[in-house]
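Notes for the one structure printed next.
The values are calculated or read from the model by the stated rules, or taken from the named source; none is laboratory data. Just so it is clear, the model here is predicted, and its values are computed rather than measured. All Cβ positions, glycine included, derive from the backbone under ideal geometry; neighbour counts span all protein chains shown.
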């Protein structure tokens, strides 16, 4: 067993967008702001020595490469968390894509668990799956989707936003902007056993807390069972192969590793913001006037926390963390209450260092990513197409400052 180691659409070019309103609110309330670090990968500002030690210990575990004797496999996607979360530093995104599959059976989504679905584990230990040694999409699948690694910066802040805040944003959107209103993905949080939590992590907002996110990834990305996810994945859904290839007693992690990953992500600072020039400020007004800030909600605030750096802090992720119907931009996969066409609004902070965009990395430019918006994002996409070249330049300057 692995144990401890060390309403309607907004008119274009309004002058009083959410950001300005937010600034006035700060002056009136004195709300604390989460201070961004000087560089990517730093811990949150204002941590105690003990909290910094937890961050460092968690980061070390996050980077450590697992081996079969630690419980790696029998099927997995990589040997460490950092192998995929690496751009521009440990804890970031990457262009690594994972594959999910499924089919529509009797008018319902079928994750095809009997074939090891819906997530493909692309590698395996030993000769568990023979020469190719990784799971394959079965020919019976009619839905195949790619998903890229998401960045982890600032997720401790997101984790500490009360469900009521995100649910309130959904209600506000429903009242003011019904055509683009998002919905919360209500899920049971595995780590705590609490039902009806508001999901916020993952491309479908299918996970409610970082602790559950940690345990889920440990099992499904590295094949290491843990107290929250104690059941091993059978290679390609074949229980006989599992009996043959899984040689380490479950759970393979006693919870130590999961908690280390959770500590690292909880205490990882948000991305640093670039220079705020006049073009950037103008670009932000354009962003708001197009309606982008409805879904890419600029600001959120955490609830009470025993960690001072997370206690009632205002921060700027540019996401409502809700599900929106994206039409053809959906990936067809259902998770929790999310339909195949619904996707969680991707946070835009840290955009400056990403090299591919959208859930499947199909876009190599911000322009391509915007033009791919469909469904509830189509009106904003069409408004974008009406911008003058000078306005486009300012909008992109704003996005690149995030």
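Residue check: is residue 295 in contact with a helix residue (DSSP H, G or I) (Cβ under 9 Å, 6 or more places away or on another chain) and closer than 30 Å to residue 182 by Cα? Don't jump to the end; show me each part of the working.
Details: in contact with a helix residue (DSSP H, G or I) (Cβ under 9 Å, 6 or more places away or on another chain): yes; closer than 30 Å to residue 182 by Cα: yes.
Yes, satisfied.
Is it fair to say residue 303 is within 20 Å of residue 169 (Cα to Cα) and not assigned by TED's automatic domain parsing to the domain that holds residue 109?
Details: within 20 Å of residue 169 (Cα to Cα): yes; not assigned by TED's automatic domain parsing to the domain that holds residue 109: yes.
Spelling it out, residue 303 is indeed within 20 Å of residue 169 (Cα to Cα) and not assigned by TED's automatic domain parsing to the domain that holds residue 109.
Determine whether residue 293 is over 17 Å from the mean Cα position of the chain (by Cα) and not in a strand (DSSP E or B).
Yes; evaluated as a whole, the condition is true for this residue.
With under 30 Å from residue 164 (Cβ atoms), surrounded by fewer than 22 Cβ atoms within 10 Å (Cβ to Cβ) and outside the structural domain of residue 87 (by TED's automatic domain parsing) as the only criterion, which of 365, 379, 356 stands out?
Working: 365 fails: under 30 Å from residue 164 (Cβ atoms); 356 fails: under 30 Å from residue 164 (Cβ atoms).
From the options 365, 379, 356, the qualifying one is 379.
Please verify whether segment 116-138 includes one or more residues that are assigned to a strand (DSSP E or B), outside the structural domain of residue 37 (by TED's automatic domain parsing) and out of contact with any helix residue (DSSP H, G or I) (no Cβ under 8 Å at 6 or more places or on another chain).
Within segment 116-138 (the criterion being assigned to a strand (DSSP E or B), outside the structural domain of residue 37 (by TED's automatic domain parsing) and out of contact with any helix residue (DSSP H, G or I) (no Cβ under 8 Å at 6 or more places or on another chain)), the answer is yes, since at least one residue qualifies.
Answer yes or no: is there a residue in segment 178-199 that is under 30 Å from residue 291 (Cβ atoms) and assigned to a helix (DSSP H, G or I).
no
Identify, from the list 156, 124, 116, the residue that is at pLDDT below 95 and in contact with a strand residue (DSSP E or B) (Cβ under 9 Å, 6 or more places away or on another chain). Give the steps one after another, and end with the answer.
Details: 156 fails: at pLDDT below 95; 116 fails: at pLDDT below 95.
Of the residues listed, the single one that is at pLDDT below 95 and in contact with a strand residue (DSSP E or B) (Cβ under 9 Å, 6 or more places away or on another chain) is 124.
Do the conditions hold for residue 355, that is, is it out of contact with any helix residue (DSSP H, G or I) (no Cβ under 6 Å at 6 or more places or on another chain) and either outside any loop (DSSP other than H, G, I, E, B) or within 20 Å of residue 265 (Cβ to Cβ) (or both)?
Criteria not met by residue 355.
State all residues of segment 268-279 that are touching a helix residue (DSSP H, G or I) at 6+ places or on another chain (Cβ under 8 Å) and either crowded, with 22+ Cβ neighbours inside 10 Å or closer than 28 Å to residue 52 by Cβ (or both); if no residue qualifies, say none. So that I can check it myself, show each step before the final result.
Within segment 268-279, the subset touching a helix residue (DSSP H, G or I) at 6+ places or on another chain (Cβ under 8 Å) is 268, 270-271, 274, 277, 279.
268, 270, 271, 274, listed by residue number.
Is segment 320-330 home to any residue that is touching a strand residue (DSSP E or B) at 6+ places or on another chain (Cβ under 8 Å), over 27 Å from residue 163 (Cα atoms) and either at pLDDT 95 or above or not in a loop (DSSP other than H, G, I, E, B) (or both)?
Looking for residues that are touching a strand residue (DSSP E or B) at 6+ places or on another chain (Cβ under 8 Å), over 27 Å from residue 163 (Cα atoms) and either at pLDDT 95 or above or not in a loop (DSSP other than H, G, I, E, B) (or both), one finds none in segment 320-330, hence no.
In this structure, does residue 303 turn out to be over 18 Å from the mean Cα position of the chain (by Cα), outside any loop (DSSP other than H, G, I, E, B) and more than 18 Å from residue 81 (Cα to Cα)?
no
Could we say that residue 283 is within 20 Å of the chain's Cα centre (by Cα) and part of a helix (DSSP H, G or I) here?
Working: within 20 Å of the chain's Cα centre (by Cα): no; part of a helix (DSSP H, G or I): yes.
So residue 283 does not fit the description; no.
Taking residue 220 and the conditions (1) in contact with a helix residue (DSSP H, G or I) (Cβ under 8 Å, 6 or more places away or on another chain); (2) assigned to a helix (DSSP H, G or I); (3) surrounded by fewer than 23 Cβ atoms within 10 Å (Cβ to Cβ), which numbered condition does it fall short on, given that it satisfies the others?
(1)
May I ask you to list the residues in segment 59-98 that are in a strand (DSSP E or B) and crowded, with 20+ Cβ neighbours inside 10 Å?
75, 76, 87, 93
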